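The values are calculated or read from the model by the stated rules, or taken from the named source; none is laboratory data. In this text, all values refer to a predicted model and were calculated from it rather than measured experimentally. Cβ placement follows ideal geometry from the backbone for every residue including glycine, while neighbour counts extend to all protein chains displayed. Please note that ligands, DNA and RNA were not included when accessible areas were found on the heavy atoms of the full protein model with its side chains. Shrake-Rupley method; radii C 1.70, N 1.55, O 1.52, S 1.80 Å.
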Amino acid sequence: MNVCVLMAVYNGEKWLKEQIDSVLIQSNVSLDIYISLDVSNDKSFEIVNEYVNKHNNIYLLPFGTRYGSAGQNFFRLLKDVDLELYDYISFSDQDDVWLDYKLEKSIEQILITDSDAYSGNVTAFWESGEEVLLKKDDSQVEFDYLFESSGPGCTFVLKKQLALKLKEALNNNGSIVDSLWLHDWFCYSFARFNNYKWTIGSEPLMLYRQHENNEVGASGGWVAMWSRAKVILSGNGLDKVIKQADYLNQNHLPIQLIKTGSVLGLLKLAVLGRKCRRKSSEKVLFTIALLLLALKKVFK
């Protein structure tokens, strides 16, 4: 099994070696690592070049562009790497630790379930030694992909056919790719919308490092959920939903309701809450946030 690992790096010197080492020891797969390095002010460039010079299966893409976010960096990788050479494509952050059977088990699940993509639960960990299971494997619902990813992109493994279609979608609309937010949400939304089968596994296959520089970190508990609800209340979250939906030509009922910009539209969307998020608690928060946003419009 030939696997292409796409790794986005930015100021990653502190944990980059541990991450790369954990990818290199993956069992029962043949893999290449492609690294896109955002302009950094630490020793990431030196570390990456050290690995490139030492290993014949690690490649650094042309360096010098500022991407500004992990999402845009991963989009660059999808667009620029020749994915035709591989059976499976996987994403890697710069600061996690993969269990040595991560890719093998992920591909096994793809084959068992006859799926086009796999993602899964992760074990979040902190420098203090604390570990928490982050569950992402709640049952998929009709419209969840319009509003959320299936989990962290670092758990994703995609069949080549799906990855090539993602690449095509990005290259065909290259001038507005920078309007997109998160690569993992984009990939999941594209796949589900286009009727690819996506499996979310329950066994955590990696350690998901948590620190102050996480762009999108562990999202568990009521505090984190309320933070996401506040994004909806600000209107910013729904703006992101619309931008991605427009990019992917998604015009399902929830998108139509948001675009009305009306109180009635928000109330109708709130009623659909159970079909828009997977986790039970987030269905409730989603509905409450939309009801509050509707009230905010009434009394504006």
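Computed values, structure above
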{"quantity": "Listing of strands (runs of 3 or more DSSP E) fully contained in the stretch 38-146 that carry 3 or more residues being within 14 Å of residue 3 (Cβ to Cβ) and open to solvent by less than 40 Å² (accessible area, probe 1.4 Å)", "calculated": "88-92"}
{"quantity": "Condition check for residue 264: modelled with pLDDT under 95 and in a helix (DSSP H, G or I)", "calculated": "no"}
{"quantity": "Odd one out for residue 64, checked against (1) within 29 Å of residue 177 (Cβ to Cβ); (2) in contact with an Asp or Glu (Cβ under 8 Å, 6 or more places away or on another chain)", "calculated": "(2)"}
{"quantity": "Qualifying position, being touching a Gly at 6+ places or on another chain (Cβ under 8 Å), over 24 Å from residue 44 (Cα atoms) and touching a residue at least 12 places away in the same chain (Cβ under 8 Å), among 118, 145, 86", "calculated": "118"}
{"quantity": "Residues of the stretch 183-225 classified as under 16 Å from residue 71 (Cβ atoms), modelled with pLDDT of 95 or more and of a type outside the set (Ser, Thr, Tyr), total", "calculated": "6"}
{"quantity": "Some residue of the stretch 175-195 being assigned to a loop (DSSP other than H, G, I, E, B), open to solvent by 10 Å² or more (accessible area, probe 1.4 Å) and over 18 Å from residue 241 (Cβ atoms)", "calculated": "yes"}
{"quantity": "Breaking point among (1) at pLDDT 95 or above; (2) among the small types (Gly, Ala, Ser); (3) closer than 25 Å to residue 33 by Cβ, for residue 139", "calculated": "(3)"}
{"quantity": "Residue in the stretch 121-131 that is at pLDDT 95 or above, closer than 30 Å to residue 172 by Cα and of a type in the set (S, T, N, Q) present", "calculated": "no"}
{"quantity": "Test: residue in the stretch 5-22 that is under 20 Å from residue 109 (Cβ atoms) and without any contact (Cβ under 8 Å) to a residue 60 or more places away in the chain", "calculated": "no"}
{"quantity": "Residue 19 being in a helix (DSSP H, G or I), closer than 18 Å to residue 209 by Cβ and at pLDDT 95 or above", "calculated": "yes"}
